[in-house]
1. With respect to residue 247, determine if the residue is among the aromatic types (Phe, Trp, Tyr) and over 21 Å from the mean Cα position of the chain (by Cα).
2. Out of everything in region 109-132 that is in a loop (DSSP other than H, G, I, E, B) and in contact (Cβ under 8 Å) with a residue 60 or more places away in the chain, what residue ends up being nearest to ligand 1 (Cβ to nearest atom)?
3. Cβ-Cβ distance below 8 Å, separation of 6 or more or different chains: which pairs start in region 77-91 with a residue that is of a type in the set (S, T, N, Q) and end on one that is open to solvent by 10 Å² or more (accessible area, probe 1.4 Å)?
4. What is the residue count in region 133-149 for residues that are farther than 29 Å from residue 36 by Cα and not in a loop (DSSP other than H, G, I, E, B)?
5. Would you confirm, using the coordinates I've provided, whether residue 134 is buried (at least 21 other Cβ atoms within 10 Å of the Cβ) and of a type in the set (Phe, Trp, Tyr)?
6. Of the conditions (1) over 26 Å from residue 239 (Cβ atoms); (2) within 15 Å of ligand 1 (Cβ to nearest atom); (3) of a type outside the set (Lys, Arg); (4) part of a helix (DSSP H, G or I), residue 152 fails just one. Which one is it?
7. What number of residues in region 234-266 are over 23 Å from residue 224 (Cβ atoms), open to solvent by 30 Å² or more (accessible area, probe 1.4 Å) and of a type in the set (A, V, I, L, M)?
Amino acid sequence: MSSRLIQAHANHGVAMNAAGELQPVHFPRRFERPLPGDWVELDAHGTLTAVHDRQNRFGRGDGRGRFRPIAANLDRAIIVIAPEPAPSRDLLHRYLAACAIHAIEPLIVVNKADLPLPQQAPFTELEGFKALGYPLTLTRCLPTPDVDALAERIKSGTSLLAGQSGVGKSSLLNALVPDLDAQTGALSRVTGKGTHTTTTATVHRRGENAWLIDTPGVWEFGLWQMDAETLQRGFPELAEHANRCKFRDCRHRSEPGCAVRKAVESGTLPAFRHEAWLRLLAEQERFR
Ligand SMILES: Nc1nc2c(ncn2[C@@H]2O[C@H](COP(=O)(O)OP(=O)(O)O)[C@@H](O)[C@H]2O)c(=O)[nH]1
Ligand SMILES: [Mg+2]
Ligand SMILES: [Zn+2]
């Protein structure tokens, strides 16, 4: 029976079997490095013998624009932002692009709802995202936790918690996984390491078929080097209009006959998404 990889390092990791028991795993060289969230087969010695085909992967770009996978087999990504530390202007646009490109459902969570929302992007754009159909939920972990609306949306399947260091991912994990202490205790007994310094994504179980993946904090989420067609898949509501542009390779900057800019002018497409598209397109140029 398959186990789920809940942590993965260079040549070893930890797997959880169907009974919820943890086991150290050794990765033989012939395997490409498996990811947290992978479904795997092990032999009696805990050596990896097979990695099942992935439904998808989620990842980020490193400083040089290379794709760095973080976890596999996700049903949704929970993108956590908070008034403090406030995200950069394009953090949310980048996360949403990564989700759309990998066909992973995004869920925007504004944590620390006990604090006032800053009057700046992306907080001023939240209504705009909602109008475009992006699901949005408010949570707070202090002074008393209120995560019910989020819990309702992640009852089944695998959800990844993403977001800057300090926005409250670990606090949300605590509120959403009742036996978290027992799970992290069991994990550190298997790895022989403390659990306070998470340097890798870790899969937690919330129930029979519900998983929640915590990711190590990053300050800024960057995309990886990709062509304009791929980036455009990251902006589905913009891509919808693009097939009516005069030029097939229209980048929706200043080309004549651009249906995307026309949609912005007529109010069909919100300007803040078009402007974000132009910034992320320009951002790609630093990889060349
Ligand atoms: N005011 C407020 N503070 C919060 C809330 N959730 C978490 N925090 C605080 O934010 C800080 C960072 O939280 P943590 O869960 O470690 O964030 P992580 O780095 O994303 O895992 C801690 O001091 C938390 O107590 C919240 O809803 N409201
Ligand atoms: Mg944390
Ligand atoms: Zn165009």
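1. Yes: the conditions hold for residue 247.
2. 111
3. 88/220
4. The number of residues fulfilling the criteria is 0.
5. Judged against the criteria, residue 134 is not a match.
6. Only one criterion in (1) over 26 Å from residue 239 (Cβ atoms); (2) within 15 Å of ligand 1 (Cβ to nearest atom); (3) of a type outside the set (Lys, Arg); (4) part of a helix (DSSP H, G or I) is unmet by residue 152, namely (2).
7. 1
Residue-by-condition table, conditions (1) aliphatic (A, V, I, L, M); (2) within 16 Å of ligand 2 (Cβ to nearest atom); (3) under 19 Å from residue 91 (Cα atoms):
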position: 136; (1), (2), (3): yes, no, yes
position: 154; (1), (2), (3): yes, no, no
position: 163; (1), (2), (3): no, yes, yes
position: 166; (1), (2), (3): no, yes, yes
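The values are calculated or read from the model by the stated rules, or taken from the named source; none is laboratory data. This is a predicted model, so every value here is computed, not measured. Positions of Cβ are backbone-derived with ideal geometry, glycine not excepted, and every protein chain shown enters the neighbour counts. Note: areas computed on protein heavy atoms with side chains; ligands, DNA, RNA excluded. Shrake-Rupley method; radii C 1.70, N 1.55, O 1.52, S 1.80 Å.
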